[in-house]
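The values are calculated or read from the model by the stated rules, or taken from the named source; none is laboratory data. Nothing here was measured: the structure is a model prediction, and the numbers come from that model. For neighbour counting, all protein chains shown are included, and Cβ atoms are generated from backbone atoms with ideal geometry for every residue, glycine included. Remember, those area values only see protein heavy atoms, side chains included, never the ligands or the DNA or RNA. Shrake-Rupley method; radii C 1.70, N 1.55, O 1.52, S 1.80 Å.
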Amino acid sequence: MSWKRPLVSSPVGLLIMIADGVSLMLVNRLYRPGHPPGWMIHAFYYFDAWPLFVTQHIFPRAPGDAFGGPTFLAVVAAGLIDLIVFSAIIYALLSWRARRKARA
């Protein structure tokens, strides 16, 4: 088995996550001093943050905690899930491309 595809798909998956965050920052910068439309922010944010809805239920806040945001473990687990999903998608695309090239 060649390790080339997994070693390429992991950094590309990470770059997708970083590019989404950078594009969200650029959209916010373009709309200054006002705010961008909510649908635009949600499209960029939920692209990376969808696993957080699951992980914040797995790693809940302590009872009586008034902060209300997700825990650090929930955020880290959501980032890891994102990385795994994006890497798997890139790996599948690279495998499909390799099979297609092999047939031609």
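In nm, to one decimal, how far is the TRP39 label point from the SER2 one, both placed 7 Å along Cα→Cβ?
Here the answer is 4.3 nm between the modelled labels.
Compute the accessible area per residue over the chain, keeping the other protein chains in place, probe 1.4 Å, unit Å². Provide the component values of the computation, followed by the final result.
Working: 7810 Å² over 104 residues.
I get 75 Å² per residue for the chain.
For segment 28-104 and segment 1-17, write down the distance between their C-alpha centroids in whole Å.
Each part's Cα centre sits 17 Å from the other's.
So, by mean Cβ neighbours within 10 angstrom, what's the order for 75-83, 5-13 with the highest one leading? Write out the running numbers ahead of the final one.
Values: 75-83: 16.9, 5-13: 15.2.
Top to bottom by mean Cβ count within 10 Å: 75-83, 5-13.
Relative contact order for the chain: what percent, with Cα pairs under 8 Å and sequence separation of 6 or more? All intermediate terms of the calculation are to be shown ahead of the outcome.
Values: 72 pairs, mean separation 41.2, N = 104.
Across the chain, relative contact order equals 40 percent.
Could you rank the peptides 53-62, 86-95, 34-43 by their average count of other C-beta atoms within 10 Å per residue, with the highest value first? Could the numbers behind the result be given before it?
Details: 53-62: 13.0, 86-95: 15.8, 34-43: 11.0.
Highest-to-lowest ranking by the protection proxy: 86-95, 53-62, 34-43.
Mind putting a number on the dipole of the chain about its Cα centre? Charges go on the C-beta only, +1 for Lys and Arg and -1 for Asp and Glu, and I need it in Debye to the nearest 20.
Working: 10 positive and 4 negative charges, 161 e Å.
Its charge dipole is roughly 780 debye.
Residue separation times 0.36 nm, minus the C-alpha to C-alpha distance between VAL12 and PHE53: what's the value? Each step should come with its number before you reach the end.
Values: separation 41, 0.36 × 41 = 14.76 nm, distance 2.40 nm.
In short, 12.4 nm is gained.
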